[in-house]
Amino acid sequence: VKRSKGTGKTEAYQTQAFDIAREQFGMETALRRAIERGQMRLTYQPICDLATGRLVSFESLARWRDEAGIEYSPNDFIPVAEESGLIVPLGRWAIQEAAATLAQWDARMGGDCGVKLAVNLSAIQLQRDAIAPVVQSALAAYGLDGSRFTLELTESALVTDPDRMAGIMHALKALGTTIAMDDFGTGYSNLAYLQKLPIDILKIDRSFVTGMLADRDKIAIVRAILSLAQALGMKTTAEGIETNELSQTLAALGCTYGQGYLYARPLEAEAAYAMLESLRN
Ligand code: C2E
Ligand code: MG
Ligand code: MG
Ligand code: MG
């Protein structure tokens, strides 16, 4: 807190900072309890092949509803989990839960259910946990091939320790998983990393997709990402597709996959399975 003599501002700032700290501490305590008590859940949002419309995977997205029935956004609780270190148990749980769900879908379908599951990995989680062994043991525990998982990483993971991150990514690739760079274009990392790292998919951030049809700059950015990916032999996923027009335009521009409310919002596990079953054959 900076001193500002005689204005009374210092006190106001201190009070505000204290409130934020207390609120975060309250959320941290509740989140810790929720993780311990198994009150977190995953929802699953479809990702489709834009050229064929085929469902290819689901992205798993963490959800938390507290005892009072309040649903918190991951945009709020993931940062708290990261600051408190809870991202380690939460992240391990998410990997386990995704593997368990996929194995259950396979069992119910009487074989490979035909989709991959994407799991988000936070940069902090990658710093603090030995992620490749965690992924490997979850796959092994449920008898799943590594090719059934996509791992979504963000550029921020590359900023602090690029060499360590490269090692982790190669270890994840060695398990047979697909690696996607999430929120691509919003980070501050050096583009040179793209040619050195085993990246399979660039996920174009929703902020470039939303409203892109009426915005020359956004279209230019999306085109640039698509041609960069193409040149480097990577696939692309556009997030935040909410209209048919966007879906068609992105398909025409050569984007590989699409995700967004047009296809479906994140679904509860049972609803995701029902979608899989209805698409069977
Ligand atoms: P993300 O990984 O970029 O996930 C995509 C987000 O965009 C999701 O928000 C999804 O619900 C939302 N979305 C998808 N299509 C549309 C659309 O058409 N319109 C709009 N308005 N939104 C759309 P969500 O589920 O709230 O998650 C927010 C972020 O929280 C995620 O962004 C991810 O960074 C983080 N997150 C969620 N679950 C996990 C998790 O299990 N682990 C980690 N580390 N992070 C997670
Ligand atoms: Mg993601
Ligand atoms: Mg994303
Ligand atoms: Mg995002």
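The values are calculated or read from the model by the stated rules, or taken from the named source; none is laboratory data. Note that the structure is a prediction, hence the values are computed from the model and not measured. Heads up, the Cβs are rebuilt from the backbone with ideal geometry, glycines too, and the neighbour counts pull from every protein chain shown. Protein only, heavy atoms only, side chains kept; ligands, DNA and RNA dropped before computing areas. Shrake-Rupley method; radii C 1.70, N 1.55, O 1.52, S 1.80 Å.
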Could you look through the range 130-166, keep only residues that are more than 16 Å from ligand 3 (Cβ to nearest atom) and modelled with pLDDT under 95, and pick out the one that is surrounded by the fewest Cβ atoms within 10 Å (Cβ to Cβ)? 163
Taking the stated definitions as given, is residue 10 open to solvent by less than 30 Å² (accessible area, probe 1.4 Å), assigned to a helix (DSSP H, G or I), modelled with pLDDT under 95 and over 30 Å from residue 181 (Cβ atoms)? yes
Cβ pairs under 7 Å, 6+ apart or interchain, first in the range 29-56 and over 24 Å from residue 102 (Cβ atoms), second at pLDDT below 95 and surrounded by fewer than 18 Cβ atoms within 10 Å (Cβ to Cβ), ordered by first then second residue, are 30/66
Any chance you could count how many residues in the range 240-251 are free of Cβ contacts under 8 Å to residues at least 40 places away in the same chain and open to solvent by less than 50 Å² (accessible area, probe 1.4 Å)? 4
Out of the range 235-254, which residues are within 16 Å of ligand 2 (Cβ to nearest atom) and among the hydrophobic types (A, V, I, L, M, F, W, C)? 238, 241
Looking only at the range 196-230, how many residues end up being over 30 Å from residue 174 (Cβ atoms), surrounded by 16 or more Cβ atoms within 10 Å (Cβ to Cβ) and within 13 Å of ligand 3 (Cβ to nearest atom)? 4
Tally time: how many residues in the range 168-188 are in contact with a helix residue (DSSP H, G or I) (Cβ under 7 Å, 6 or more places away or on another chain) and crowded, with 16+ Cβ neighbours inside 10 Å? 9
